[in-house]
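Worksheet for the structure shown next.
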Number of protein chains: 2
Amino acid sequence: MSQVLENLKEYMDPLNEEQIKGVVQGLSVPELLVVWDMLNDEESLRIFLHLDQEARSNLMMELPTPEQERLLQTLSVRDSRDLLDYMEPDDLTDLIQNLSPEVRTAVWNNLSEEARREMEFLLRFDEDDAAGLMTPRYVAVRAELTVAQALAFVRKVMNDMEMIYYVYVVDQLKRLIGVVSLRQLLSARDNQKISGIMTQQVISVREETDQEQTARVLEENGLIALPVVDKINRILGIVTFDDVIEVIREEQTEDIYKMGALGGDTKSYLETGIFGLVWKRLPWLVILLLTGTITTNVLHGYEGLLMSAAFLTLFIPVITQTGGNTGTQSATLMIRGLATGEIRFKDVGRVLIRELAVSAIIGFATGLIIFARGVFLPPGIPWHQGIAVAASLSCVVVFSTVLGALVPMGLSRMGVDPTVAAGPLMSTLIDVTGLTIYFEVSKRILGL
Amino acid sequence: MSQVLENLKEYMDPLNEEQIKGVVQGLSVPELLVVWDMLNDEESLRIFLHLDQEARSNLMMELPTPEQERLLQTLSVRDSRDLLDYMEPDDLTDLIQNLSPEVRTAVWNNLSEEARREMEFLLRFDEDDAAGLMTPRYVAVRAELTVAQALAFVRKVMNDMEMIYYVYVVDQLKRLIGVVSLRQLLSARDNQKISGIMTQQVISVREETDQEQTARVLEENGLIALPVVDKINRILGIVTFDDVIEVIREEQTEDIYKMGALGGDTKSYLETGIFGLVWKRLPWLVILLLTGTITTNVLHGYEGLLMSAAFLTLFIPVITQTGGNTGTQSATLMIRGLATGEIRFKDVGRVLIRELAVSAIIGFATGLIIFARGVFLPPGIPWHQGIAVAASLSCVVVFSTVLGALVPMGLSRMGVDPTVAAGPLMSTLIDVTGLTIYFEVSKRILGL
């Protein structure tokens, strides 16, 4: 990589345009992004102009918004129009929605009539639905055509299409009645009718299908594209695999944010302002803080116990942390199982038995460790106090493991996304319940 | 969905085979999986036999291992051979690797000579590399061919190929020298030479490229398939978009596991034994527990302070939890930024400034809340004690936010996956440091 860059810097000399071109065209988009970062504005523009439309379009979609805007403003009207015309309507819609109002107006004015019409059609749908992902540039034919006619039609229109590898078959009302892959077309005889070779059971999604569900359908059927239909089965557009990959990535970020106690959108970190970042973090923190202060009441309630057995204070953080960790572990396993469809609500009995068995072993092991730690390392508490701490930690571990498994299953049953249960919410819940268990069990063992 | 199922149950009657067929063929794989779960062994076999090879193969890959084994043992030798011959070699390799030894031997003996040869080739490569994802069923032609000859060749071989939409161009040593899409072939004139229309700069990955990097390259270049080459640029196979989607899903599970303090493989929950589940959880718990017990020493060291200011004990869990949450939040943002390539190590200065500003605001807000909580709600501490608690919480928040941002950047700089920093490790680290800050700041404010 650094080799490539050194070569590029060396070639950045007016005499060597051909050589720059050679180097630049061999780079993939991720490589271009690295190089981009290390060049000044003029150099990066020169590189951009050496790319073909395909690479320009892919690179444009990957650049951060400020860079997109800078580029769109520096490109000549003609280069910019060529690029915008080349871009897929769904990508273009995404791009335009993120631009600042001034740049957006300039781009809009530079669009061809047809591109504007397509965008107006796409902007009618909800971003998070199947329809929000689709492109209207698919190939559709009538079932009465012969294979030869259909192939000729594909060849005629294909320069305007995003995806030509599936040809959809529609009736006079544009209702989807079949699909035939380009592969099937190529292997059929020229005079066969489309109706004779098409697959009649077309896997499709409705316009209002959630985008994550849409991704699952494409993925589990191994399709390159998936048609989106309205309620009377008329085809509106297609969702292609690259849009699905983007949805999966987004979902990934959202899940990780939920586990990391972050709210709000998944906008890029460096592009979000200070107050945007505060807004993303503060609401969750406040909720967790308010819930967490219940521990203050719990500790206040056991002040008498803590007076007569001061050593219990020493283990408070270890108890809450270990309870939180075990709860988060089982919640995480449930959430993944629920997300992949492997675990269902009807498995609740099996899950409970498994989690009880696992937590008994883990509870015993962690109890043993804390006993050894308490008795043999400073401050070195007497062994009967060690037993009290160990036994109560074991109880906390069993309780929080089971709680961690049941909460996600319950949330999912109620139709709430269970991911939220894996993060700090679980630890906070367990802080409150775990401390109560800790004090009650210790009190009984110590006979106080 | 339940409608579909009711219909199915009703049709499950020997007279209605045609109707079952009609219903079943209209179902997508996710729908089939739901139905599958609710039928007995005989019913599910009947449904399976009504599917076409494509759907059988897709469904087979999605079923849990015990179901796969049951099916492979119940299918007739002929049905089983047809299915295995139909499956893509890379899927078949994955399937066979997960089977128990007896079933595996039976399947292996049932494979065609060619399938065995392909599998032996694929099994040479590491599962986690680009080569571990590839299929050898791609189309390759020589540059000297004309478009008409190349198209004729594609049509001749396409039934054995996984992907025919890109045709790779190789020299006499099988070195990759170009690529031409089926689209380009269809729009070119019949007598043009492949060398004249091919794209010479082929985006490819090396056999030893990590699978996640491979996924990024395919994704960012919007490709349906990506060629895998050896060190002298000979083509070994291609990785297709569906394998990439699987890699991204796996990566997603791994990240969530790391944040949830889970180790080990990402095998399904219900299929893992009790001791497998313990093994997945216990190692991390023990590490965290041992690290966490340092808090015992910290608390022991401040026993004198806690005697003279007992109210400080009441806020220990709130302090550690809030510190952990703020640290996890900034770590999560960094990890996503680093993973998407938006944040690089050189941004460390900018990140530091932003995190300081954000944490100052959050520290002030959370301090205010804890002050109000401490002073106005039971047990109701005096306001100067409330100030001590609030000020030290603010310091903990600022410190842990900055720590949360710096640790992932440091890990990533050292070449370690930073995801591990978001989970419980961060909370445990902050328990130790946060308590020290809490006691030191309070001591000074209270003048003890």
Per the protein assembly as shown, sqrt(5λ) over the Cα gyration tensor eigenvalues, sorted largest first, in Å, gives 54, 34, 25
Taking a crude spin-label model, label points 7 Å out from Cα along the C-beta direction, the A:Asp171 to B:Glu208 distance in nm is 6.0 nm
Within the under-10-Å Cβ sphere about B:Gln321, not counting B:Gln321, Lys/Arg +1 and Asp/Glu -1 give a net charge of -2
Inter-chain shielding metric for B:163-170, i.e. average beta-carbon neighbours from other chains within 10 angstrom, reads 2
Dividing the helical contributions, -39500 (n - 2.57) per DSSP H run of n ≥ 4, by the residues of chain B yields a 222 nm value, nearest 500 deg cm²/dmol, of -20500 deg cm²/dmol
Surrounding charge for B:Ile361, neighbours by C-beta under 15 angstrom, Lys/Arg +1, Asp/Glu -1, total +2
Within chain A, the percent of DSSP beta bridges that are antiparallel, given to the nearest 5, stands at 70 percent
Mean separation of Cα contacts under 8 Å (at least 6 apart) over the residue count of region B:317-448, i.e. the relative contact order in percent, is 43 percent
Too long for a 26 Å Cα-Cα cut-off, among A:Lys280/A:Lys346; A:Lys280/B:Lys346; B:Lys156/B:Lys193; A:Lys21/B:Lys231; A:Lys280/B:Lys280, are A:Lys280/A:Lys346; A:Lys280/B:Lys280
For region B:112-167, averaging the sequence separation of alpha carbon pairs under 8 Å that lie six or more residues apart and dividing by its residue count, the contact order in percent is 33 percent
Expected field for B:Ser268, accessible surface area in Å² at 1.4 Å probe radius, rounded to 10, holds 30 Å²
extent check for region B:63-173: Cα max minus min per principal axis, descending, whole Å, gives 49, 31, 23
With all protein chains present and a 1.4 Å probe, the order of B:Glu113, B:Glu440 from largest accessible area down is B:Glu113, B:Glu440
Rounded to the nearest 100 Å², the accessible area hidden between A and B, summed over both chains at a 1.4 Å probe radius, is 11400 Å²
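Could you grab the Rg to Rh ratio for chain A? Cα atoms only, Kirkwood for Rh. Can you show the working numbers first?
Details: Rg = 30.2 Å, Rh = 27.0 Å.
The Rg/Rh ratio comes out at 1.12.
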With every protein chain kept in place and a 1.4 Å probe, chain A has an accessible area per residue in Å² of 41 Å²
Taking R0 as 30 Å and r as the Cβ-Cβ distance between A:Phe376 and B:Ile287, the FRET efficiency 1/(1 + (r/R0)^6), rounded to the nearest 0.05, comes to 0.95
B:Glu114 and B:Val157 label points (each 7 Å along its Cα→Cβ direction) are spaced in nm at 1.2 nm
To the nearest 10 degrees, the tilt of helix B:53-62 (Cα long axis) against the first principal axis of the alpha carbons of chain B is 20 degrees
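Give the calculated FRET efficiency between A:Ile361 and A:Met414 to the nearest 0.05, with a Förster radius of 35 Å applied to their Cβ-Cβ distance.
According to the calculation, E is roughly 0.70.
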Any lysines whose Cα falls less than 24 Å from that of B:Lys443, other than same-chain ones fewer than 8 residues away, would be none
In whole percent, the fraction of accessible protein surface over chain A that belongs to carbon or sulfur atoms, probe radius 1.4 Å, stands at 56 percent
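Out of all DSSP beta bridges in the protein assembly as shown, what portion is antiparallel? Express it as a percent rounded to 5.
70 percent
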Simple spin-label estimate for A:Asp190/B:Glu42, 7 Å along Cα→Cβ, in nm, reads 5.3 nm
Which residues qualify? For A:Tyr166, with a placed amide H closer than 5 Å and at least 5 residues away or on another chain, they are A:Leu182
Per residue of A:247-256, other chain Cβ atoms within 10 Å number on average 5
Its Cα gyration tensor gives region A:35-79 an equivalent ellipsoid whose semi-axes in whole Å, largest first, are 14, 12, 12
For B:Gln73, placing the label point 7 angstrom along Cα-to-beta-carbon and taking region B:30-53, residues whose amide nitrogen sits under 16 Å are B:41-42, B:45
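Let me know the volume per residue of the alpha-carbon convex hull for region B:307-447, in Å³. Mind dumping the intermediate values first?
On the way: hull volume 14.1 nm³, N = 141.
Hull volume normalised by residue count: 100 Å³.
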Longest chain B segment clear of trypsin sites (Lys or Arg not before Pro) sitting in DSSP loops (not H, G, I, E or B) with at most 11 other Cβ atoms within 10 Å runs B:232-448
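The values are calculated or read from the model by the stated rules, or taken from the named source; none is laboratory data. Just so it is clear, the model here is predicted, and its values are computed rather than measured. All Cβ positions, even for glycine, are placed from backbone atoms using ideal geometry, and neighbour counts span all protein chains on display. Surface accessibility is based on the protein's heavy atoms, side chains included, excluding ligands, DNA and RNA. Shrake-Rupley method; radii C 1.70, N 1.55, O 1.52, S 1.80 Å.
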